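Colleague: Before I ask anything, let me first share the structure, which is written out below as C-alpha cells.
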Amino acid sequence: MKDIAGKTFKVVVVGSGPAGLTAALYAARADLAPLVLEGPEPGGQLTTTTDVENFPGYPNGVMGPQMMEDFKAQASRFGADVRYGTVDHIDFDQRPFKLTVDDEHTIFADSLIVSTGASAKWLGLESEQKMRGRGVTACATCDGAFFRNQHVIVIGGGDTAMEEATFLTRYASKVTIVHRRDEFRASKHMQKRALNNPKIEVMWNSELEEVLGEQVVSGVKIKNRETGESKVLDDVTGVFLAIGHKPNTDLFKGVLDMDETGYILTEAKSSKTNVEGIFACGDAQDSVYRQAITAAGTGCMAAMDAERWLENQEEKKEAAV
C-alpha cells in the first residue's frame with residue numbers, strides 16, 4: 001500500500017465479492033482505473049462456499065473461491081488495481097474522500113462504491129465452523145440442491161427460517177426445524193405454510209449442540225432446553241443456519257441512510273446513496289435476494305452510476321471555467 005499512499009483515485013471500490021469485482025470490471029473498462037480494497041474477507045462469502053452451480057457461464061459448476069479468482073482476474077485484466085487492505089476510517093466531509101487503510105495508509109477517492117457485503121450470523125460452535133462448506137451452510141437457495149432425498153435441519157424461527165425450510169422441501173426428503181423457543185417469531189402466514197408441509201417437522205425448545213462428522217456432516221446432536229437431554233440425529237447430512245445476516249456497514253453508520261438492520265438505502269432503480277459520489281451494491285444494500293448473480297448485477301449498476309456521476313462533475317467544472 002505504500003506505493004499508492006497519498007494518491008487520488010477516481011473510483012475506490014470497498015469490498016471484493018461479486019458486487020465489488022463486477023463494479024471494478026465495469027469501471028476498469030470505462031478507463032477509470034479503479035482501486036479495489038479487498039477488506040478482511042477477500043472474495044466475500046463465496047470463498048466459504050464449495051460448488052456454485054447457479055451462476056450463468058459455469059455449466060459444470062465452479063468452486064466458490066475459484067469463481068472469485070476468475071472475477072478478480074477479469075477485473076485486473078482491464079486495469080483494476082486489487083489490493084489487500086481494510087478501510088478503517090473515511091473522512092466524508094472533504095472532497096476527495098479521505099480513506100485510512102490498515103490504520104496507517106491514506107488514499108483519496110473522487111467516488112466510492114460500497115460493496116462490503118453482509119455476514120451470516122452463526123451460532124459460534126466449534127463443530128459448526130469446522131464443517132462450514134461441508135454440509136453446514138447459511139444459504140438454502142445456494143446449496144439446497146446438493147441435498148436431494150436427504151434429511152436436513154434448519155436453525156431458526158423467523159420468516160427466513162420458514163422460507164428456507166419450505167424451499168428445502170423441493171429437494172430434501174425431510175426437513176427438521178430446530179427452534180430454541182416454543183413458538184416461532186415468523187409471520188402467521190409463513191408459519192402456516194411451513195407447518196402444513198408434510199416434509200417439515202419441528203423440534204421445539206431445542207438448540208444445536210454439536211455438528212457431527214469429519215469430512216462431511218454425518219449427524220447432529222440436539223439439546224432440549226427444558227429437559228437438558230441431548231439427542232443424536234444420525235441421518236442428518238445438512239445444517240442450514242437461518243438466524244439472520246448482518247450487513248458489514250458499520251463504517252458508514254451516521255453518514256449513509258440505512259434501514260433498521262443496517263442495510264444501505266439506495267435510490268429507486270439506482271445504486272445512489274444519500275451522499276453524492278457514494279454508491280452501494282451487493283449484500284450491503286440487498287436484504288432480499290442475497291445471491292451472487294444479483295450482487296454482480298448491482299455492481300454493474302454502481303460502476304455505471306459512478307461513471308455518469310464523474311462525467312457530470314467534469315462537465316460542471318468545465319462549465320465553471
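Colleague: For every other residue with a beta carbon closer than 13 angstrom to the beta carbon of E311, add +1 if it is Lys or Arg and -1 if Asp or Glu, then tell me the sum.
Modeller: -3
Colleague: Here's a follow-up. Enter the per residue convex hull volume of region 176-279, computed from alpha-carbon coordinates, in Å³ rounded to the nearest integer.
Modeller: Considering the Cα atoms of region 176-279, their hull volume per residue is 193 Å³.
Colleague: Listing D91, D250, D81 from the residue with the fewest other Cβ atoms within 10 Å to the one with the most, what is the order?
Modeller: D250, D91, D81
Colleague: Could you tell me which label, among [x] 22.2, 83; [y] 21.8, 78; [z] 20.5, 68, carries the value of Rg and Dmax of the Cα atoms in Å calculated for this structure?
Modeller: Read-out taken from this structure: [y].
Colleague: For region 64-198, take every pair of Cα atoms, bin their distances at 5 Å starting from 0, and report each bin as a whole percent.
Modeller: Each 5 Å bin holds this share of Cα pairs: 2, 8, 13, 14, 13, 11, 9, 10, 10, 7, 3, 0.
Colleague: How big is the dipole moment of region 1-53 about its Cα centre under a simple scheme where the beta carbon of each Lys and Arg is +1, that of each Asp and Glu is -1, and everything else is neutral? Debye, nearest 20, please. Please list the in-between numbers first.
Modeller: On the way: 4 positive and 6 negative charges, 78 e Å.
With only Lys, Arg, Asp and Glu charged at Cβ, the dipole is about 380 debye.
Colleague: Among 71-79, 55-63, 151-159, how do they line up from the highest to the lowest mean number of other beta-carbon atoms within 10 Å?
Modeller: 151-159, 71-79, 55-63
Colleague: Relative contact order, percent, of the chain when contacts are C-alpha pairs under 8 Å separated by at least 6 residues?
Modeller: 20 percent
Colleague: Which of H245, I264, Q215 sits closest to the plus end of the dipole of the chain, meaning its Cα is farthest towards the positive end, when Lys and Arg get +1 and Asp and Glu get -1 on the C-beta?
Modeller: Checking the options against the dipole of the chain, the answer is Q215.
Colleague: What does the net charge come to around E201 if you take all other residues with beta carbon closer than 14 Å to its beta carbon, with K and R at +1 and D and E at -1? Spell out each step's value before the answer.
Modeller: On the way: positive: K174, K199, K231; negative: D235.
Here the count lands on +2.
Colleague: Would you grab the residues whose amide H sits under 5 Å from the one on T176? Only those 5+ places off in sequence or on another chain, please, with H modelled 1.01 Å from N.
Modeller: Here V152, I153, V154, E201 satisfy the definition.
Colleague: Follow-up question, since we're still on this one. Before rounding to the nearest 500, sum -39500 (n - 2.57) across all DSSP H runs of length at least 4 in the chain and divide by the residue total; then give [θ] at 222 nm in deg cm²/dmol.
Modeller: Here the helix-only value at 222 nm equals -8000 deg cm²/dmol.
Colleague: Still on this model: Using only alpha carbon pairs under 8 Å that are at least six residues apart, calculate the relative contact order of region 188-237 and give it in whole percent.
Modeller: Working: 63 pairs, mean separation 13.0, N = 50.
Averaging sequence separation for qualifying contacts and normalising by length gives 26 percent for region 188-237.
Colleague: Residue by residue through region 52-59, which ³J(HN,Hα) values in whole Hz follow from phi under the Karplus form 6.51 cos²θ - 1.76 cosθ + 1.60 (θ = phi - 60°), with glycine and proline marked x?
Modeller: My calculation for region 52-59 gives 10, 10, 10, 9, x, x, 10, x Hz in order.
Colleague: Show me, for region 166-183, the HN-Hα J-couplings you get by feeding each phi into the Karplus relation (A = 6.51, B = -1.76, C = 1.60, θ = phi - 60°), rounded to Hz, glycine and proline as x.
Modeller: 5, 4, 5, 5, 5, 10, 6, 7, 8, 10, 10, 8, 9, 10, 6, 10, 9, 8
Colleague: Can I ask one more? Around R170, what is the net charge, scoring Lys/Arg as +1 and Asp/Glu as -1 over all other residues with Cβ under 14 Å from its Cβ?
Modeller: +1
Colleague: Would you mind checking the tilt of helix 18-29 against the longest principal axis of the Cα atoms of the chain, expressed as 0 to 90 degrees and rounded to 10?
Modeller: 20 degrees
Colleague: Express as a percent, rounded to the nearest 5, the fraction of DSSP beta bridges in the chain (both residues included) that run antiparallel.
Modeller: 45 percent
Colleague: How high is the relative contact order of region 177-321, in percent, counting Cα pairs under 8 Å that sit 6 or more residues apart?
Modeller: It comes to 12 percent, rounded to a whole number.
Colleague: Rounded, prolate or oblate for region 122-241? Axes are the square roots of the Cα gyration tensor eigenvalues, ordered a ≥ b ≥ c, and the cut-off for rounded is a/c under 1.5.
Modeller: Oblate shape, in that a/c is at least 1.5 and b/c is the bigger or equal ratio.
Colleague: Just how large is the dipole of the chain about the Cα centre, in debye to the nearest 20, putting +1 at every Lys and Arg Cβ and -1 at every Asp and Glu Cβ?
Modeller: For the chain, the charge dipole is close to 760 debye.
Colleague: Order by neighbour count: V14, V211, V321, V216, fewest other Cβ atoms within 10 Å first, most last.
Modeller: Details: V14 29, V211 25, V321 4, V216 12.
The order, fewest Cβ neighbours first, is V321, V216, V211, V14.
Colleague: Quick one: divide the alpha-carbon radius of gyration of region 37-76 by 2.2 N^0.38 Å and tell me what you get.
Modeller: Cα Rg divided by the expected 2.2 N^0.38 Å: 1.15.
Colleague: For region 122-241, what is the charge dipole size about the Cα centre, in debye to the nearest 20, if Lys and Arg each add +1 at the Cβ and Asp and Glu each add -1 at the Cβ?
Modeller: Here region 122-241 has a charge dipole of around 380 debye.
Colleague: Please label the shape of region 1-109 as rounded, prolate or oblate, based on the square roots a ≥ b ≥ c of the eigenvalues of the alpha-carbon gyration tensor (a/c under 1.5 means rounded; beyond that, a/b larger than b/c means prolate, else oblate).
Modeller: prolate
Colleague: If you plug each phi of region 116-132 into the Karplus form 6.51 cos²θ - 1.76 cosθ + 1.60 with θ = phi - 60°, what whole-Hz ³J(HN,Hα) values come out, in order, with x for Gly and Pro?
Modeller: Result, ordered by residue: 7, x, 9, 10, 5, 7, 10, 6, x, 6, 4, 5, 5, 5, 4, 9, 4 Hz.
Colleague: Can you put H189, H105 in order, fewest other beta carbons within 10 Å first? Please report the intermediate quantities before stating the final value.
Modeller: Details: H189 10, H105 18.
Fewest to most other Cβ atoms nearby, the residues stand as H189, H105.
All of the numbers you see were taken from the coordinates with simple rules; none came from a lab. On a predicted model such as this, the values are computed, not experimentally measured, just so you know. A quick note on method: Cβ atoms are made from the backbone with ideal geometry, for glycine too, and the neighbour counts reach across all protein chains shown.
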